[in-house]
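Peer 1: Handing you this structure, nothing more for now.
The values are calculated or read from the model by the stated rules, or taken from the named source; none is laboratory data. Bear in mind that the values here come from a model prediction, so they are computed numbers and not experimental data. A quick note on method: Cβ atoms are made from the backbone with ideal geometry, for glycine too, and the neighbour counts reach across all protein chains shown. In case anyone asks, the SASA skips ligands and DNA or RNA and just uses the protein heavy atoms, side chains included. Shrake-Rupley method; radii C 1.70, N 1.55, O 1.52, S 1.80 Å.
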Amino acid sequence: MVKKSKRTIIQCLSAVLMNANFAGFWKGKIFTGRSKNLCLPILNCYSCPGALGACPVGSLQASAGCSPYGISFYVLGFLALMGILFGRLLCGFLCPFGFIQDLLYKVLLPKLKIPQKPDRIMRFGKYLVLAILVVLLPLLAADSYGSTVPFFCKYLCPAGTLEGGIPLVSMNKPLQATIGWLFSWKMLILVVVILSSMMIFRPFCKYLCPLGAFYSLFSRFSFYRYYINRNKCTDCGICSKICPMNVEPVKTPNHTECIRCGLCKNKCPKNAIQVEKTTNKFSEENHEKKYYE
């Protein structure tokens, strides 16, 4: 069982290790070493001066023009492997921008819980972002030379603005002279995400993140899964009340929105929520059927 403090330490270490080119922040330059050819399993801007690896979302968009198949099987295969092994555990423990949203949510402001119906509708937003901005538009915009537009990175991604845009612009006077409406638009998006993150738990992850949308497709089948021990569960409802992603673990412990933060496991008074073992697989599936049939 991973306690909240341990998860925070893991998140902090992940953010530091994946952006360990500290000299880049002082020089205002993007790291271009060999490790930049490798994809990270989480959303981390390629243009961040400290980034040691490539962002998989940016890589998918770039491959739309370069690959004869319109997609990089290396990137897609890598993400599928990560999804099969860990699912959205990666979102909960390794993503730097998710960590930033977690910290912002600790700000002492009134917290908002979006009503169930609009919340469900808004969550489809990240699938639309994945399908349209990350896949479809870069494919359609690719020219005969393999050049395309990374629509998500260019027009939407707040992580890129925070991790890459602001550090590079602040350290490079020539870039400051080129600031226009696009930078202002990206800054507006970032400000909205920051302010909303103080009142809503991980709004970007819930409603806009294309990588979260991709990993959610593997949540029910990943190797790292939860199950409900029905011999211990008393249906007290505590897990549903405290879940920051608005999931009902007792009904769907491997919900597509679950980021495996472990809060429900830690707070369960009967220790009924556990990491799944092979012998428990069918018991969980049968339990979920009982609720939905």
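Peer 1: Say the dipole of the chain comes from +1 at the beta carbon of Lys and Arg and -1 at that of Asp and Glu; which of ILE166, PHE223, LEU208 then lies farthest toward its positive end?
Peer 2: PHE223
Peer 1: Take peptides 30-41, 48-59 and line them up by average Cβ neighbours within 10 Å, highest first, as a rough protection proxy.
Peer 2: Ranked from most to least packed, the peptides come out as 48-59, 30-41.
Peer 1: If I compute solvent accessible area with a 1.4 Å probe over the protein chains, what percent of it on the range 191-282 is carbon and sulfur?
Peer 2: 63 percent
Peer 1: Same structure, new question: Have a look at the chain and give its Rg and Dmax from the Cα atoms, expressed in angstrom.
Peer 2: 19.9, 65
Peer 1: Using only Cα atoms, find the angle between the long axis of helix 181-197 and the longest principal axis of the chain, and express it within 0 to 90 degrees, rounded to the nearest 10.
Peer 2: 20 degrees
Peer 1: With a/c under 1.5 counting as rounded, go ahead and sort the range 172-278 into rounded, prolate or oblate using the C-alpha gyration tensor (a ≥ b ≥ c being the square roots of the eigenvalues; past the cut-off, prolate if a/b is larger than b/c, else oblate).
Peer 2: Note, shape of the range 172-278 comes out prolate.
Peer 1: The range 70-129: which chymotrypsin sites (Phe, Trp or Tyr not before Pro) are DSSP loop and have at most 15 other beta-carbon atoms within 10 angstrom?
Peer 2: Values: sites: PHE73, TYR74, PHE78, PHE86, PHE93, PHE97, PHE99, TYR105, PHE124, TYR127; in loops: PHE124.
Those satisfying the criteria are PHE124.
Peer 1: Among ALA80, ALA213, ALA23, which one shows the biggest mean-square fluctuation in a GNM of the chain, springs joining Cα atoms closer than 10 Å?
Peer 2: In this elastic network of the chain, the residue with the biggest mean-square fluctuation among ALA80, ALA213, ALA23 is ALA23.
Peer 1: Hey, another quick one. What value, in deg cm²/dmol to 500, does the helix sum -39500 (n - 2.57) over DSSP H runs of n ≥ 4 give at 222 nm once divided by the residues of the chain?
Peer 2: Value at 222 nm, helices only, nearest 500: -13000 deg cm²/dmol.
Peer 1: Heavy-atom accessible area of LYS29 with all protein chains present, probe 1.4 Å, nearest 10 Å²?
Peer 2: 130 Å²
Peer 1: Based on Cβ point charges of +1 for Lys and Arg and -1 for Asp and Glu, what charge dipole magnitude is obtained for the range 37-164 about its Cα centre, in debye rounded to the nearest 20?
Peer 2: In debye, rounded to 20, the range 37-164 gives about 580.
Peer 1: With a 1.4 Å probe and every protein chain left in place, work out the accessible area per residue of the chain in Å², rounded to a whole number. Please list the in-between numbers first.
Peer 2: On the way: 15160 Å² over 293 residues.
Accessible area per residue: 52 Å².
Peer 1: When only Cα pairs under 8 Å and 6 or more residues apart are kept, what is the percent relative contact order across the range 10-99?
Peer 2: Value for the range 10-99: 33 percent.
Peer 1: OK, next. Below 8 Å, C-alpha to C-alpha, sequence gap of six or more: please give me the relative contact order for the chain in percent.
Peer 2: It comes to 22 percent, rounded to a whole number.
Peer 1: Computing the accessible area with a 1.4 Å probe over protein heavy atoms, can you report the carbon and sulfur percentage for the range 1-52?
Peer 2: Accessible surface attributable to carbon and sulfur in the range 1-52 totals 68 percent.
Peer 1: Still on this structure: Going by amide H atoms built from the backbone, whose H comes under 5 Å of the H on CYS39, apart from near neighbours?
Peer 2: When sequence neighbours closer than 5 places are left aside, the close amide H contacts are ALA54.
Peer 1: When the Cα centres of the range 142-188 and the range 20-35 are compared, how far apart do they sit, in Å?
Peer 2: Here the answer is 18 Å between Cα centres.
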